[in-house]
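First the structure, in the form of structure tokens, and then the observations on it.
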Amino acid sequence: MREYGQYCPVALGSEVLAERWTPLILREMVLGSSRFNDIERGLPGISRSLLLKRLKQLERKGVVEMAPAAGGRGNEYFLTPAGKDLEPVIMALGEWTVRWLYAEPLPRDVEPVTLTWWMHRRVDEAAAPSGRVVVQFDYHDERRTTIWLIFDRGEPSVCATHPGFEPDILVSTDSVSMMRVFSGIDELAAARAKGTVRIDGPPALVAKFPTWFLWSPFRPAVRDLLGTARP
């Protein structure tokens, strides 16, 4: 990115944050992703070469640091103290957007695999099932997609191919309806009552399903907005 050549905090900060994809890379890292592949999965449309370039730029600016992965294979990326200090900036940007640029989700803006990945990243560790539980999501969009979210001893993972275990819970929906729940536009109970989200499985698991997720970090801002707009 070309530098602005201005001794101004906004100009200097923009040299770090205003590159395409950079705020979204920081969003992924703020929300807990550290491995290259995990960051990439949360950013449909970015090329691996561009992601690597942006991470190196953030390293040079002192926002991100790279370290060998704990397992000994590959590297991980972590926010430095300066990077962690950007969390309220990223959150404030999202909340500002909710307040002033709010829009209903459209099919072209919701990718089912990415949505399920975001849900897996927002699992409430304290409420997640302790044993193995397999959740199968059937997205009935123009192009149908099936994806699995697996809880194994509290650790969630996402599989795009059949995991070899039969599902304990089956969620039938479309991407936009599930995004409406994830983002806070609709409550899950209301979506189930309307029939836009259907959850089948043992009653005890179905009852606990909503408690396993923290949903979108911007959900409170969405609920506040809709509480004002729709008394």
Could you tell me how many of the residues in region 136-174 are in contact with a Leu (Cβ under 8 Å, 6 or more places away or on another chain), farther than 21 Å from Gly32 by Cα and in a strand (DSSP E or B)? 4
Are any of the residues in region 205-212 free of Cβ contacts under 8 Å to residues at least 40 places away in the same chain, out of contact with any Asp or Glu (no Cβ under 6 Å at 6 or more places or on another chain), outside any helix (DSSP H, G or I) and more than 20 Å from Val110 (Cβ to Cβ)? no
Within region 1-38, restricting attention to residues that are surrounded by 15 or more Cβ atoms within 10 Å (Cβ to Cβ) and either of a type in the set (D, E, K, R) or outside the structural domain of Arg54 (by TED's automatic domain parsing) (or both), which residue is farthest from Asn75 (Cα to Cα)? Glu15
Output the residues belonging to region 40-65 that are surrounded by fewer than 12 Cβ atoms within 10 Å (Cβ to Cβ) and either within 19 Å of the chain's Cα centre (by Cα) or aromatic (Phe, Trp, Tyr) (or both). Pro44, Gly45, Ser47, Arg48
Which one of these is farther than 30 Å from Glu166 by Cβ, among the aliphatic types (A, V, I, L, M), at pLDDT 95 or above and loosely packed, with under 15 Cβ neighbours inside 10 Å: Ala69, Ala103, Ala92? Ala92
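The values are calculated or read from the model by the stated rules, or taken from the named source; none is laboratory data. Predicted model only: the values in this text are computed from it and were never measured. Every residue, glycine as well, gets a Cβ built from its backbone with ideal geometry; the counts of neighbours run over all protein chains shown.
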